[in-house]
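All remarks here apply to the structure that follows.
Just so it is clear, none of the values below were taken in a lab; they were calculated from the coordinates. If you're wondering where the values come from, they're calculated on a predicted model, not measured in any experiment. Glycine gets a Cβ as well: all are built from the backbone with ideal geometry, and neighbour counts include every protein chain shown.
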Amino acid sequence: MKQALENKRLKEDLSKKILSNFKKNKFNFTDLDLLIDTSLLTERSGEQFKKFTLTYKDLFGKEISLRPDLTVSTALKYIQEKKNKEEKYCYYGSAYRLDKEGDLKVFDQIGCEIINSNNNKSENILINSILEPLKKIKKLEVVLGDVGLFKILVESLELPARWKLRLVKNFSRIEYFEDMLKRLETNYDLDQQAIKLDTKRLKDLEKLDQNSIIGGRTVSEIVKRFNKKIKDPRDNYKGKKNVKIIRDFLNINSSIQKAESTIVSFFSKNKLSNLSIKNYLRKINRINKEIGKKYSINFKTNFGRNTDYYTGVVFLASVKKNSKTIELARGGEYNGLLRTLGYKKDIPAIGGAINLNELINL
Amino acid sequence: MYKIKIGLPSKGRLKDESLAFLKSKNLQVVNSFGERNYFFNIKNNNEIDGIFLHAREIIERINDGTLDIGISGLDLLKELPDVYSANVKIFKKLNFGFADLVVAIPKDWLDVQNMADLEEVSFEFREKYGRRMRVATKYPNLTESFFLSKGVSQFRVVPSLGATESYPFTGSSELITDITSTGSTLKANNLRIINDGIILKSSACIFVSKKIEKNKFLNLLK
């Protein structure tokens, strides 16, 4: 009991200091809603989200969840307040998630978010603001990644369009992604026998009114996709080659100073178009120039895949304690999140949060 | 004397085959209280109290300790939360009540052969119509876990109580998952099973409560 009170006091003191730091960097404090309409979460991330959130039904049968994440709550606030210009938010509060056993875990977080900014220094401002309170911690390790790089890699591969889409969409689902790579190495998804039979049936479908609906889909939609699928084959050799490139890419791990040259030479070595990659890497360069000097930063292409709303730069600050990694802060860019929560279009956004529970234990 | 409480399915083929199974083990069910009464005994055996219940109810009652033994479907146990498997143990898989829980789509969806296709179509569906595909089912938990394991995340479960096969053609869902033994009902309703869409291979099982796992009566059922 005494320890719990002491921890609470420590958290309050620490949060005041960190918040005043955020405010100096022109972040405005905001109170976030504790409850979220569950349908907003499931419409965005699918049914799996419910497994990690404490959800209940209100008297009218509407499902409500305790906020599992403060970034989503901040994004919702931006939408609810009908903002349309740059906003810099900071907050202090708890996120609530269920673990695998179904027990509720509470994460006390203090963080900041920059939404709808055209300033190309937003990433630096945000990452600096999050790392600043941690800078005195000895042997602080920072890992940087960029999940957007993977999309560029996939675009430059010789692959059927549907496979490109599939790989990008499932990049954050690591276990299933591995499964997909195994499938990509074979021709599993095209059953030649079935295609032969279905090609005959296709003629009957083509005679129907193309706007008629079968199980919620139009006939033209089905016919179009079927034709696209059979005319978009791939061979085993290319499948294996592409999987090797993807695996090698996901093994890139270098200091941030060498990130650009490593990635550019990877693209050249594998004869991939590197026009868009050079342009894209400017962002990593800007971070390197401003933050790379102050902290020891490693760049990993495989990092930051667990959160499905990240679209670009992702970062993590941690320390090792008794050979265990203690995560102190993390964040990233989420340029597509607001649209999926109901905003009219994609807008740039980046955020990060410090894990107070871990910080006070150091 | 402690009497073992046994539950049997109250109707249909599962009831008939359960009775036949017990008879093959020299355990003959007698309706001592009349044909329409739910309680029964076993001939020449006064260690047993029996009751006919809905197959789903049998698992619930073993879980809460009201029953010690029961015959029901594996699919019904698997659909329930994991905590049930801690209390309700599978004693024996029986040689009847075979059925598969499968993913079925309208037969004219020629472009969808497997779950990977469904994953892709579900993303396209969401982009085009601004909502997730709906899957009608009596098995929401098994369906959700299976779809997610196959990478299909853009879906919504629509709970169904019956006639699930009609849902895609009444606008209530786009596809279904359902239990089938021959596939003929699905076929008759213009549905087709996806190639890798078998969620669970089920059969009738003898389920026992954790607390009587070592009871000697169980030897008679082996």
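Near the amide H of A:Asn335, within less than 5 Å, lie the amide hydrogens of A:Thr311, A:Gly312, A:Ala349, all on another chain or at least 5 residues away, with H placed in the peptide plane. Build a GNM of chain A with springs between Cα atoms under 10 Å apart, and of A:Gly352, A:Gly292, A:Gly312 the one that fluctuates most is A:Gly292. Sorted on the mean count of surrounding Cβ atoms within 10 Å across their residues, most packed first, peptides B:210-218, A:69-77, A:301-309 read A:69-77, A:301-309, B:210-218.
Residues considered: A:Lys138, A:Lys51, A:Lys196. Largest GNM mean-square fluctuation over chain A, using C-alpha springs under 10 Å, is found at A:Lys196.
Once Rg and the Kirkwood radius are both taken over the C-alpha atoms of the protein assembly as shown, their ratio Rg/Rh works out to 1.04.
Select from region A:52-85 those chymotrypsin sites (Phe, Trp or Tyr not before Pro) which occupy a DSSP coil region and have at most 10 other Cβ atoms within 10 Å, ordered by residue number. For chymotrypsin sites (Phe, Trp or Tyr not before Pro) across region A:52-85 that sit outside H, G, I, E and B with at most 10 neighbouring Cβ atoms in 10 Å, the list reads A:Phe60. Here region A:122-226 is treated as a sphere whose radius is the Kirkwood value from Cα pairs; by Stokes-Einstein at 4 °C and 1.567 mPa s it diffuses with a coefficient of 70 µm²/s. Note on A:Lys2 and A:Lys324: the model spin-label points, each 7 Å out from Cα along the C-beta direction, lie 2.4 nm apart.
Taking 1.002 mPa s as the viscosity and 20 °C as the temperature, the Stokes-Einstein diffusion coefficient of region A:1-84 based on its alpha-carbon Kirkwood radius rounds to 140 µm²/s.
The spread of Cα positions in region A:222-362, taken along each principal axis and listed from longest to shortest, comes to 59, 41, 31 Å.
With a 10 Å cut-off around each Cβ of B:118-125, the average count of Cβ atoms from other chains is 4. Grab the DSSP H runs of the protein assembly as shown that are 4 residues or longer, score each as -39,500 (n - 2.57), total them, divide by all residues and round the 222 nm result to the nearest 500 deg cm²/dmol. -11500 deg cm²/dmol, from helical runs alone. Alpha carbon centre of region B:49-112 versus region B:169-210: separation in Å? With region B:49-112 and region B:169-210 each reduced to a Cα centre, they are spaced 13 Å. Applying a 4.7 Å Cβ-Cβ cutoff to the protein assembly as shown leaves B:Cys205 as cysteine residues with no disulfide-compatible partner. In this Cβ point-charge picture (+1 for Lys and Arg, -1 for Asp and Glu), region B:1-84 has a dipole of about 360 debye about its Cα centre.
Among A:Val243, A:Pro348, A:Tyr295, whose Cα sits farthest toward the positive end of the charge dipole of region A:234-362 (+1 at Cβ of Lys/Arg, -1 at Cβ of Asp/Glu, about the Cα centre)? So the residue we want is A:Val243. Calculate the tail of P(r) for region A:1-143: the fraction of all Cα-Cα distances greater than 25 Å, expressed in %. For region A:1-143, the fraction of Cα-Cα distances above 25 Å is 39 percent. Only Cα sites of region B:99-202 enter the Debye sum here, all with the same form factor; the resulting log10 I(q)/I(0) across q = 0.24 1/Å is -1.52, listed in q order.
Magnitude of the charge dipole for region B:99-202, about its Cα centre and with charges confined to Cβ atoms of Lys, Arg (+1) and Asp, Glu (-1), is about 280 debye. So what's the gap between the Cα centers of region A:62-131 and region A:244-310, to the nearest angstrom? Between the Cα centre of region A:62-131 and that of region A:244-310, the gap is 26 Å.
A dipole drawn for the protein assembly as shown from +1 and -1 charges on Cβ atoms has a positive end, and of B:Leu94, A:Leu131, A:Met1 the residue lying farthest that way is A:Leu131.
Here the ratio of the Cα radius of gyration of region A:280-362 to 2.2 N^0.38 Å is 1.26.
Over all directions, the projected convex hull of the C-alpha atoms in chain B averages 13.5 nm² in area.
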